[in-house]
1. State whether the residues of region 50-67 include one that is surrounded by 15 or more Cβ atoms within 10 Å (Cβ to Cβ), at pLDDT 95 or above and out of contact with any strand residue (DSSP E or B) (no Cβ under 6 Å at 6 or more places or on another chain).
2. State yes or no: is Tyr72 at pLDDT 80 or above and over 19 Å from Asp20 (Cα atoms)?
3. Quick one: which helices (runs of 4 or more DSSP H) sit completely within region 1-56 and have at least 1 residues that are farther than 22 Å from Val84 by Cα and touching a helix residue (DSSP H, G or I) at 6+ places or on another chain (Cβ under 6 Å)?
4. Can you report the number of residues in region 10-21 which are surrounded by fewer than 20 Cβ atoms within 10 Å (Cβ to Cβ) and either over 12 Å from Arg34 (Cα atoms) or touching a Lys or Arg at 6+ places or on another chain (Cβ under 6 Å) (or both)?
5. So which of Val92, Val112 is among the β-branched types (Val, Ile, Thr), over 23 Å from Gln5 (Cα atoms), modelled with pLDDT of 80 or more and part of a helix (DSSP H, G or I)?
6. Does any residue in region 31-42 that is more than 13 Å from Leu18 (Cβ to Cβ) come within less than 6 Å, Cβ to Cβ, of a residue that is small (Gly, Ala, Ser) six or more places away or on a different chain, and which pairs are these?
Amino acid sequence: MKIGQVIRNLRLAKKSTLEDIAFVAEMDAANLSRIERGKQNPTPEITEKLATAFDLPVSALYLMAEQNIETYQVKGTQKEMKQVSDRLEDCVTRFMLLTPEYQLMVNEFITVMLKSQGKGE
């Protein structure tokens, strides 16, 4: 996934407009639109401002951008893999919007769910 897609997903998850995020990031909405569509790459300064607009570290944006469905070796049809990829992307985006305390709670909840399926530690 590209950084522009991550930025768009974060913006949509926050139910913000291009103008909302562009204003906070002190940039032009047209430039943000080009970044989201992959027509323009953000400079390091713009990436920092966008990360700040989402209350995230820059590293989190790049971590989300590096997520790749092939890494998880999902088996199934192309459509099924796309659905899993979309769910994973949505989950990571939402997780990054949580406070650190809630992130810990989510991690603990997932651990309990895995143990109940017999796949936990």
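1. There is at least one residue in region 50-67 that is surrounded by 15 or more Cβ atoms within 10 Å (Cβ to Cβ), at pLDDT 95 or above and out of contact with any strand residue (DSSP E or B) (no Cβ under 6 Å at 6 or more places or on another chain).
2. In short, no.
3. 18-24, 29-36, 44-53
4. Residues that pass the stated criteria total 8.
5. Among Val92, Val112, only Val112 is among the β-branched types (Val, Ile, Thr), over 23 Å from Gln5 (Cα atoms), modelled with pLDDT of 80 or more and part of a helix (DSSP H, G or I).
6. Pairs found: Gly38/Gly4.
The values are calculated or read from the model by the stated rules, or taken from the named source; none is laboratory data. All of these numbers come straight from a predicted model, not from anything done at the bench. When we count neighbours, we look across all protein chains shown, and the Cβ atoms used for this are built from the backbone with ideal geometry, even at glycine.
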